[in-house]
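Take a look at the structure set out below.
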């Protein structure tokens with residue numbers, strides 16, 4: 001079972017996804033700078049912890065988006081179900097290691 005997805009369409013989709021993740025990371029970078037400012041301004045530890053939690057969750061979402069992109073790439077490149085299963089096992093290993 002192979003899909004006939006044009007290579008250009010796959011590359012455009014991956015590029016759009018990369019831009020989206022880079023934008024998300026720029027927002028996270030702004031959050032982290034804000035947290036640094038909060039610490040410098042002697043904000044309460046609870047307020048800082050709350051913002052750290054938000055930044056960590058945003059970074060986790062970026063991580064999972066990249067894993068999903070990788071999964072899509074592997075499935076689109078696979079020629080048959082055995083290749084899809086092998087790719088899925090590799091991604092499951094990555095999630096267990098980093099997730």
Label point distance in nm, residue 82-residue 43, each placed 7 Å from Cα along Cα→Cβ: 5.5
Helix 45-77 vs. the chain, principal-axis angle (Cα, 0 to 90°, nearest 10): 10
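Mind pulling the per residue volume of the convex hull built on the Cα atoms of segment 7-98? Å³ is fine.
On the way: hull volume 7.2 nm³, N = 92.
Dividing the Cα hull volume of segment 7-98 by its residue count gives 78 Å³.
Okay, helix-only estimate at 222 nm for the chain: each DSSP H run of n ≥ 4 adds -39500 (n - 2.57), divide by all residues, round to 500 deg cm²/dmol; what do you get? Before the final figure, lay out the partial values.
Numbers: 3 runs with 85 residues, N = 99.
Here the helix-only value at 222 nm equals -31000 deg cm²/dmol.
Any read-out appearing in this document is the output of simple, stated calculations on the displayed coordinates, not a laboratory observation. This one's a predicted model, so the numbers in the text were calculated from it and none came from an experiment. Note: ideal-geometry Cβ built from the backbone for every residue, glycine included; neighbour counts use all protein chains shown.
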